[in-house]
Amino acid sequence: MEDNHGYTFNTCLVSSITKALPKWRRHPVVTNDNSIMHYRTSVRVVPLLEGNESDISPKYKFFREQGLHPMRQLPSALIIGVKKGGTRALLEFIRIHPDVRAAGSEVHFFDKNYLRGFQWYRQHMPPTLEGQLTIEKTPSYFITKEAPKRVQLMNPSTKLLVVVRDPVTRAISDYTQAISKKSDMKSFDQLVFVNSSVGSIVDTSWGPIKLGIYSRYLARWLKYFPLSQFLFISGERLVVDPAIELKRVQDFLGLKRVVSERHFYFNTTKGFPCLFKSEGHSTPHCLGKTKGRNHPYIDTIVIQRLRDFYRPFNNRFYQMTGINFGWA
């Protein structure tokens with residue numbers, strides 16, 4: 001089912017997970033005839049910190065006392081996209097690994113702050129010890145035209161992580177976030193079509209729609225990096241069973257498999273996986289309140305029109321990555 005080139009699996013819409021997963025022992029909804037990955041996860045509390053540490057800082061204090069000085073390094077791995085695909089979840093999940101250190105906020109270096117220089121970028125990275133990996137996440141890198149070349153100039157061996165999600169669901173999630181900040185926006189149905197008419201063509205100039213044409217942006221990156229330096233992560237699978245995706249991530253980054261199903265529990269209210277403990281938190285916690293928002297109702301005709309629109313682009317993306325994500 002899974003190899004170095006990719007995997008085939010079926011997905012279920014994130015919007016249905018809240019209703020359909022009272023416990024984390026479910027099978028995905030079968031949407032086509034592809035092979036089915038069965039998700040079985042056991043959950044229990046395990047300590048993430050050694051001894052009686054209350055946070056990460058005492059460990060670094062000890063290292064300094066031993067003459068070891070953490071230093072800021074440019075990232076050797078980047079989470080480059082995609083927006084509303086699950087990049088924040090991936091960052092929070094992987095940074096609990098003791099050999100990973102990550103910038104807490106999106107630095108936007110390769111899109112908005114590149115002229116500030118690499119020294120400026122380095123200062124925004126966390127201190128690391130020898131053997132630790134530095135990661136930074138900014139989803140807009142994936143769609144920024146200049147980003148691939150700029151990243152290559154920093155380090156042609158940079159490992160690139162891309163979290164992708166059914167582009168229809170991703171567009172609705174993008175719109176949901178936007179309308180939460182601007183309540184007087186037009187409805188999704190009006191914005192998705194030219195002339196605000198369901199009978200007209202899909203408006204590919206509208207950001208939430210345009211971003212979902214993943215193959216277009218990946219083609220730019222493949223001019224500068226080989227496919228072997230990319231890891232494509234399913235946003236749906238990251239929600240249903242993060243442990244499976246985190247195993248792939250740790251292998252890709254050359255890390256020991258430390259993060260596992262034992263670190264997660266499923267919050268049925270949010271419809272999202274949460275952590276028992278994480279960097280900076282010694283108690284169970286979920287991602288922020290902006291994650292797991294309820295999507296507005298979208299007419300089924302609009303959904304079908306979008307699925308028809310994205311189908312050829314999705315198939316092209318499957319061919320480019322060697323992965324069938326099973327989007328309807």
Checked pairs for segment 304-327, first more than 19 Å from Gly235 (Cα to Cα), second open to solvent by 40 Å² or more (accessible area, probe 1.4 Å) and part of a loop (DSSP other than H, G, I, E, B), C-beta under 8 Å and 6 or more apart or across chains, list as Arg305/Val198
Picked from segment 194-214 (must be touching a strand residue (DSSP E or B) at 6+ places or on another chain (Cβ under 8 Å) and open to solvent by less than 30 Å² (accessible area, probe 1.4 Å)), the residue farthest from Lys145 (Cα to Cα) is Ser200
Is it the case that segment 135-148 has a residue that's within 18 Å of Leu218 (Cβ to Cβ) and exposed (fewer than 14 other Cβ atoms within 10 Å of the Cβ)?
yes
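Matching residues to (1) under 24 Å from Ile94 (Cα atoms); (2) modelled with pLDDT of 95 or more; (3) out of contact with any strand residue (DSSP E or B) (no Cβ under 6 Å at 6 or more places or on another chain):
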position: Ala147; (1), (2), (3): yes, yes, yes
position: Ile179; (1), (2), (3): no, no, yes
position: Lys182; (1), (2), (3): no, no, yes
position: Val192; (1), (2), (3): no, yes, yes
position: Ala219; (1), (2), (3): no, yes, yes
position: Phe230; (1), (2), (3): yes, yes, no
position: Lys247; (1), (2), (3): yes, yes, yes
position: Asp251; (1), (2), (3): yes, yes, yes
position: Lys256; (1), (2), (3): yes, yes, yes
Counting only residues that are more than 26 Å from Leu68 (Cα to Cα), among the charged types (D, E, K, R) and part of a loop (DSSP other than H, G, I, E, B), segment 98-147 contains a total of 5
**Flag if Ser173 is small (Gly, Ala, Ser) and either part of a helix (DSSP H, G or I) or touching a residue at least 24 places away in the same chain (Cβ under 8 Å) (or both)** = yes
**Request:** Might you let me know whether segment 288-299 holds any residue that is at pLDDT 95 or above, over 25 Å from Glu92 (Cα atoms) and open to solvent by 60 Å² or more (accessible area, probe 1.4 Å)?
**Result:** no
When segment 196-213 is checked residue by residue, the ones that are more than 16 Å from Pro167 (Cβ to Cβ) and of a type in the set (Val, Ile, Thr) are Val198, Ile201
Among the residues of segment 244-260, the number that are touching a Pro at 6+ places or on another chain (Cβ under 9 Å) and buried (at least 21 other Cβ atoms within 10 Å of the Cβ) is 1
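The values are calculated or read from the model by the stated rules, or taken from the named source; none is laboratory data. All values reported here derive from a predicted model rather than from experimental measurement. Ideal geometry is used to build each Cβ from the backbone, glycine not excepted, and the neighbour counts take in all protein chains shown. The accessibility values were calculated without ligands, DNA or RNA, using every heavy atom of the protein model including side chains. Shrake-Rupley method; radii C 1.70, N 1.55, O 1.52, S 1.80 Å.
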